[in-house]
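First up is the structure itself, then whatever we jot down about it.
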Ligand code: FES
Ligand code: FES
């Protein structure tokens, strides 16, 4: 038996919002691959749960009229990887979440749960950050639209206010169009492992494919929360596709990260990974965009 | 303690259980339905010994609320044998290939292999390994498990081709 006190099963989004309002202390249970596991220990025993897992209205991916890609939060990792619109607009997101856990975890784990947990190692987080995802947070007060960039407040802490529920994750058209990305997860094992470091890069090249029009880069486990490498991004704009670009991205990335030493890896090794993964992911993203790096 | 009635289909039969809402699906399947192929290995989603198919896809039943099974179609290892109790080709292949030693992990591995052996697209050994990467085995060293799955997948694809031609 899981050691929780009460289970409230939401029957609709509206019902879930009412439950959120009436039971402010209750935890929101999506796929449960974090909460149900924690309930096998003592950390959160005796808690109240609001299960939203049965709400199919919160599943799926679609393109909106303005070209925004809308991902509903309960979409499982495997559904994201297999979805034709993800393959078409942000294949790198499907590739990133395909590296989480194993098949069983990818069938139960949800993208909304992954980002609402607020952990820095979430494999979907760096790619969503690097694509300037925008969150839709619903409550009885109305809908709050928040850039995902502002969502993480600290380790395991996110800007989800009392009564609110994440109901959508959007990637605007301008953000995915003509844009190609690569995610590299560095972990000790090829499955069932948490990233030692994760790096997601995407590029949009100029029409002649000779220069960077836009480069965005984000890291997981390089700071208390997933972070963007704004310094590297600014330096890369308009840069030619050459070895100097890779140095700029690699070294520039160091300016925005502050990894720590944990039992998985030392701070020094993580700093090395930041530079190296930034370079490698940039090379791969440029390749996908049809560019070549001249030395 | 709150109880709830859960109705679902298990191995093709409609079943109804009155359960404590705090139960996991593994507890319902092993405890209430007496399906002993479900193992309580780690109980935290690490080892895959509790793997069942829910609507055709593998899930760890130890980290799945029993109440979520409402209306779902569940397949366990017991559902692979025919009405006379004859085991299926994949089970036989595990025996023939020496893919079973203590046997604790076997039901989970076999359930994880179902999407591969029922697919028309042949999976490489690498893809088979990825598909069973959520299952741990302390005994066999995995090689024979991959052999058994690969062999059954090939055999089934051949069979389907054969029956398609007729
Ligand atoms: S018992 Fe469920 S994954 Fe180990
Ligand atoms: S045969 Fe013993 S754990 Fe796999």
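Every number here is computed from the coordinates shown, using simple stated rules; none is lab data. All of these numbers come straight from a predicted model, not from anything done at the bench. Don't worry about glycine lacking a Cβ; one is built from the backbone with ideal geometry, like all the others, and counts go over all protein chains shown.
Based on alpha-carbon centroids, what's the gap between the stretch A:235-291 and the stretch A:187-224 in Å, whole number please?
With the stretch A:235-291 and the stretch A:187-224 each reduced to a Cα centre, they are spaced 8 Å.
Counting only other chains, what is the mean number of Cβ atoms within 10 angstrom of the Cβ of each residue in peptide B:16-28?
What the average comes to for B:16-28 is 2.
Any idea what diffusion coefficient the protein assembly as shown gets from Stokes-Einstein, in µm²/s, Kirkwood Rh on alpha carbon pairs, 37 °C, 0.692 mPa s?
139
Of the beta bridges DSSP finds with both residues in the protein assembly as shown, what % are antiparallel, to the nearest 5?
85
Pull out the extension gain between residue A:150 and residue A:213, defined as 0.36 nm times the separation in residues minus the alpha carbon to alpha carbon distance; nm, one decimal.
20.2 nm
Calculate log10 I(q)/I(0) of the stretch A:60-174 for q = 0.11 Å⁻¹, where I(q) comes from the Debye formula with a single equal point scatterer on each Cα and nothing for solvent.
-0.32
Enter the mean number of other protein chain beta carbons within 10 Å of the beta carbon of each residue in B:54-63, as an integer.
5
Expressed as a whole number of Å, what is the distance separating the alpha-carbon centroids of the stretch A:121-166 and the stretch B:19-66?
Cα centres, the stretch B:19-66 to the stretch A:121-166: 32 Å.
At a 10 Å Cβ-Cβ cut-off, how would you order A:176, A:263, fewest neighbours first?
If I rank by nearby Cβ atoms, fewest first, I get A:263, A:176.
In the Gaussian network model of chain A, springs joining C-alpha atoms below 10 Å, which of A:91, A:73, A:24 carries the largest mean-square fluctuation?
Result for chain A, Cα springs under 10 Å: A:24 fluctuates most.
Using a Gaussian network model on chain B with a 10 Å cutoff between Cα atoms, which of B:23, B:124, B:61 fluctuates the most?
In this elastic network of chain B, the residue with the biggest mean-square fluctuation among B:23, B:124, B:61 is B:124.
Rg to Rh ratio, chain B, alpha-carbon atoms and Kirkwood radius?
Rounded to two decimals, Rg over Rh is 0.99.
Cα gyration tensor of the stretch A:1-135, axes a ≥ b ≥ c as square roots of the eigenvalues: rounded (a/c below 1.5), prolate (a/b > b/c) or oblate?
Verdict is prolate for the stretch A:1-135.
Can you pull a Stokes-Einstein diffusion coefficient for the stretch A:4-51 at 10 °C (1.306 mPa s), Rh from Kirkwood over Cα pairs, as a whole number of µm²/s?
Using the Kirkwood radius from Cα pairs, D works out to 146 µm²/s.
Sort A:276, A:182 so the one with the fewest other Cβ atoms within 10 Å of its own Cβ comes first.
The order, fewest Cβ neighbours first, is A:276, A:182.
Which percentage, to the nearest 5, of the DSSP beta bridges contained in chain B is antiparallel?
Around 90 percent antiparallel, to the nearest 5.
Using a cut-off of under 19 Å, list every residue of the stretch A:176-199 whose amide N is near the label point 7 Å from the Cα of residue B:125 along the Cα-to-beta-carbon line.
It comes to A:190-191, nothing else.
Just the number: Rg to Rh for the stretch A:177-288, Cα atoms, Kirkwood Rh, two decimals.
That ratio is 0.99, to two decimals.
Over chain A, with a Gaussian network built from C-alpha contacts below 10 Å, which listed residue (A:126, A:45, A:253) shows the highest mean-square fluctuation?
Result for chain A, Cα springs under 10 Å: A:45 fluctuates most.
Taking every pair of distinct Cα atoms and averaging 1/r, then inverting, what Kirkwood hydrodynamic radius in Å comes out for the stretch B:3-79?
Over the stretch B:3-79, the inverse of the mean reciprocal pair distance is 12.0 Å.
What is the packing order of peptides B:94-103, A:218-227, taking the mean over residues of other C-beta atoms within 10 Å and listing the highest first?
A:218-227, B:94-103
Separation between the residue A:276 and residue A:11 pseudo-spin-labels, each 7 Å from Cα along Cα→Cβ, expressed in nm?
5.6
Taking the beta-carbon count within 10 Å as an exposure proxy, list A:53, A:131 from fewest neighbours to most.
By the 10 Å Cβ count, ascending: A:53, A:131.
Per residue, what volume in Å³ does the Cα convex hull of the stretch B:89-163 take up?
Roughly 74 Å³ of hull volume per residue.
Note the angle between two axes, namely the Cα long axis of helix A:243-254 and the longest principal axis of the Cα atoms of chain A, as a number of degrees from 0 to 90, rounded to the nearest 10.
Rounded to the nearest ten degrees, it is 40.
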